[in-house]
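Worksheet: one structure, shown below.
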Amino acid sequence: MLTVGIAIVAGVALVALLAPVLAPYDPRALAGPSLASPSARHLLGTNDAGQDILSQLIWGARSSTIVAGLAASLAVAIGAFVGAAAGLARGAVDVVAMRITDVALALPALPLMILVVALAGPSRTTVILVIALAGWPSIARVVRSQALTVGRRGYVQAARGFGAGPLYLIRRHLLPSVGPLVTANFVYWAATAVVLQAGLAFLGLSDPTEISWGAVLNRALEHQGVYLTSQWTWWVLPPGLAITLAAVGLAFIGYGLEPRSNPRWERT
């Protein structure tokens, strides 16, 4: 599963990187007649504005890759920082950090994301921030638990006795221990970010000028009668499959990394 997942994600990333070369047309430009069926000129046909759907799918891979990478990175950075600080400092820092984390975990993520995006205005930056803010609490919990475990070990106590500071303890002892956990959580939230970005774009809560898979679906389903003809097979199905493929590839990587990140798995 790990190999298959890496191959899928690498393929999506390569398409995103080479989007200007691979896309046959400008995704925003008029490329042909409105609602043209798939042909040699337009392999996936055109939408109601005459834009090439294949070009929009290729450029949508870049949008999804950027949002997934940045949102997951930000969520992991915030969660790891809060969890490490709470686990190593303990005391009042631990209590305050965990109460804030508990409140964040108790909030319904999706309705809160929709509300924040609707109030802040649709943009890529807003989407990245709300996805990251939804993901950091669970990561903080995991990192804190591991930090408490590491902090009780004899060699860490000995290092503290010799005057080791928090930065040394994090770099020398905590990072090697939580590295696999953080990597697995990064992959999980990257997959979640792909789906959430597509969902927000589908609801019309993303930048209207941005080309993304969710935006393609949003425009398709706004067109009345899309399911009454064969248009759905080349306008709705391809972006849905692209979202599924990217999410499944990241999920396969997560499953493949589980034996390396789950101590219970190792003991079993």
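The values are calculated or read from the model by the stated rules, or taken from the named source; none is laboratory data. Not measured: the values here are computed from a predicted model. All Cβ positions, glycine included, derive from the backbone under ideal geometry; neighbour counts span all protein chains shown.
Structure above, values below:
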| read-out | value |
| --- | --- |
| Selected residue (criterion: farthest from Leu57 (Cα to Cα)) from residues of the stretch 154-213 that are in contact with a Lys or Arg (Cβ under 8 Å, 6 or more places away or on another chain), assigned to a loop (DSSP other than H, G, I, E, B) and of a type in the set (A, V, I, L, M) | Ala164 |
| Meets criteria (part of a helix (DSSP H, G or I), closer than 30 Å to Thr209 by Cα and in contact with a Ser or Thr (Cβ under 9 Å, 6 or more places away or on another chain)) for Ala140 | no |
| Condition met for Gly83 (touching a Leu at 6+ places or on another chain (Cβ under 7 Å) and in contact (Cβ under 8 Å) with a residue 24 or more places away in the chain) | no |
| Residue match in the stretch 125-137 (condition: surrounded by fewer than 18 Cβ atoms within 10 Å (Cβ to Cβ) and of a type outside the set (D, E, K, R)) | yes |
| Qualifying residue in the stretch 107-129 (condition: within 23 Å of Ser63 (Cα to Cα), in a helix (DSSP H, G or I), of a type in the set (S, T, N, Q) and out of contact with any Asp or Glu (no Cβ under 7 Å at 6 or more places or on another chain)) | yes |
| Pair list, Cβ < 6 Å and 6+ apart or interchain, from the stretch 240-252 residues that are over 21 Å from Val216 (Cα atoms) and touching a residue at least 12 places away in the same chain (Cβ under 8 Å) to residues that are of a type in the set (A, V, I, L, M) and surrounded by fewer than 16 Cβ atoms within 10 Å (Cβ to Cβ) | Phe252/Met1; Phe252/Val4 |
| Any chance Ala71 is among the hydrophobic types (A, V, I, L, M, F, W, C), assigned to a helix (DSSP H, G or I), in contact with an Asp or Glu (Cβ under 8 Å, 6 or more places away or on another chain) and crowded, with 23+ Cβ neighbours inside 10 Å | no |
| Filtered residues of the stretch 238-250 (kept if within 16 Å of the chain's Cα centre (by Cα) and either modelled with pLDDT under 90 or over 17 Å from Val67 (Cβ atoms) (or both)) | Val248 |
| Given (1) farther than 25 Å from Phe252 by Cβ; (2) buried (at least 20 other Cβ atoms within 10 Å of the Cβ), number of the condition Leu167 does not satisfy | (2) |
